[in-house]
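Report on one structure; see the data block that follows.
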Amino acid sequence: MVQHAQNAKRRVNLVNLDPAAEAFDYQPAIDIKELITLEDVMDEMDYGPNGGLVYCFEFLVENMDWFEEQIGEYEDDYLIIDCPGQIELYTHIPIMREITHTLHRIGFNIVGVYCLESQFVEDTSKYFAGVMSATSAMFNLEIPHLNVMTKMDLVSSEQQKLMDRYFDPDPLLLSDEASKQMGQRYHDLNLALARLIDDFSMVSFLPLNIKDEDSIAYVLSHADNALQWGEDQEPKEPEDEIPDIAENDD
Ligand SMILES: Nc1nc2c(ncn2[C@@H]2O[C@H](COP(=O)(O)OP(=O)(O)OP(=O)(O)O)[C@@H](O)[C@H]2O)c(=O)[nH]1
């Protein structure tokens, strides 16, 4: 993607926001690991990987001046910000909202790109699960949003035909299929999910095959459109303090 954008004469930089990332194909311009690493947090605080990751992001939010200073150098560029895969960060706690709000405040337009691995989507029920978590992240972040089905180079041409129905989904067909896989008792639930997918037509996926230039260009052009759309939107203040469960007896 970086190569493709550079060929189109765009200045693109990578930002790593994953404190557990180990190896990079490209050197990131900004790396959260210079501020904090998951390994250090797990060692020093005796946290597990999920608690440790939340701690790293709380630490980042407390040190937003570090992030702002780093990112300020790239204010005229495109940034691809790689974030950790743990869904909790986007759905359960308002930390990512805080970060997107900061980016808006200092003048960046943002598009959230939710990546679902094609290998994960073996059947319609898993596709539904992916759609639900993508929708949850989309509602929580309230920024322009794209869903991308990644690793399409690993999908056989036979599977590809089956997957085409996820790129332009027909809700009735999908709910019938899911009910066949899961049993009729889930029919009404599957139908409700399929209608939700249909009502929010933005919950569809763009296929990405990194070995195919056209596919890369297609995803980047959608991202560009979403960024321009985002220009007209007023940024929303982040809401909700992180709830203090210990103090809530209910
Ligand atoms: N064939 C193929 N392999 C890929 C592609 N993208 C990533 N990989 C490989 O998949 C493995 C896991 O990488 P990712 O899926 O990017 O996962 P990650 O970003 O390390 O992990 P999370 O941050 O938890 O999502 C690595 O070995 C990558 O080289 C792709 O488009 N096609």
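The values are calculated or read from the model by the stated rules, or taken from the named source; none is laboratory data. Here the structure is a predicted model, which means the values were calculated and not measured. In this analysis, Cβ positions are derived from the backbone assuming ideal geometry, glycine residues included, and neighbour counts consider all displayed protein chains.
Consider the range 66-94. How many of its residues are away from the ligand (no atom under 16 Å from the Cβ) and without any contact (Cβ under 8 Å) to a residue 60 or more places away in the chain? Spell out how you get there, then give the answer.
Narrowing the range 66-94 to residues away from the ligand (no atom under 16 Å from the Cβ): 66-79, 92-94.
Still in the running and without any contact (Cβ under 8 Å) to a residue 60 or more places away in the chain: 66-73, 75, 92.
Selection size over the range 66-94: 10.
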- [ ] Collect the residues in the range 15-27 that are within 23 Å of residue 212 (Cα to Cα) and within 12 Å of the ligand (Cβ to nearest atom), keeping them in residue-number order.
- [x] 24, 25
Task: the range 49-65: number of residues that are within 13 Å of residue 96 (Cβ to Cβ) and either touching a residue at least 60 places away in the same chain (Cβ under 8 Å) or among the charged types (D, E, K, R) (or both) - done: 1
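Before we move on, is residue 133 polar (S, T, N, Q), within 24 Å of the chain's Cα centre (by Cα), surrounded by fewer than 19 Cβ atoms within 10 Å (Cβ to Cβ) and more than 30 Å from residue 8 (Cβ to Cβ)?
On the way: polar (S, T, N, Q): yes; within 24 Å of the chain's Cα centre (by Cα): yes; surrounded by fewer than 19 Cβ atoms within 10 Å (Cβ to Cβ): yes; more than 30 Å from residue 8 (Cβ to Cβ): yes.
So residue 133 passes the test.
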Open item on the list: If I go through the range 28-53 residue by residue, how many of them are within 15 Å of the ligand (Cβ to nearest atom) and aliphatic (A, V, I, L, M)?
Closed with: 3
Open item on the list: Give me the residue from the range 131-182 that is farther than 27 Å from residue 89 by Cβ and among the basic types (Lys, Arg) and, out of that set, modelled with the lowest pLDDT.
Closed with: 165
Task: Subset of the range 159-210 that is of a type in the set (Asp, Glu) and closer than 30 Å to residue 3 by Cα - its residue that is surrounded by the most Cβ atoms within 10 Å (Cβ to Cβ) - done: 164
TODO: May I ask you to verify whether residue 156 is without any contact (Cβ under 8 Å) to a residue 40 or more places away in the chain and either among the hydroxyl-bearing types (Ser, Thr, Tyr) or within 15 Å of the ligand (Cβ to nearest atom) (or both)?
DONE: yes
Task: Conditions (1) within 16 Å of the ligand (Cβ to nearest atom); (2) within 20 Å of the chain's Cα centre (by Cα); (3) under 23 Å from residue 78 (Cβ atoms); number of the one not met by residue 12 - done: (1)
Task: Every residue from the range 15-46 that is buried (at least 18 other Cβ atoms within 10 Å of the Cβ) and touching a residue at least 60 places away in the same chain (Cβ under 8 Å) - done: 15, 16, 17, 18, 19, 20
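Identify, from the list 165, 195, 185, the residue that is over 14 Å from residue 126 (Cα atoms), without any contact (Cβ under 8 Å) to a residue 12 or more places away in the chain and among the basic types (Lys, Arg).
Numbers: 165 fails: over 14 Å from residue 126 (Cα atoms); 195 fails: without any contact (Cβ under 8 Å) to a residue 12 or more places away in the chain.
Every option except 185 fails the conditions.
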Open item on the list: Residue under question is residue 114, and the condition is that it be buried (at least 19 other Cβ atoms within 10 Å of the Cβ) and in contact (Cβ under 8 Å) with a residue 24 or more places away in the chain; does it hold?
Closed with: yes
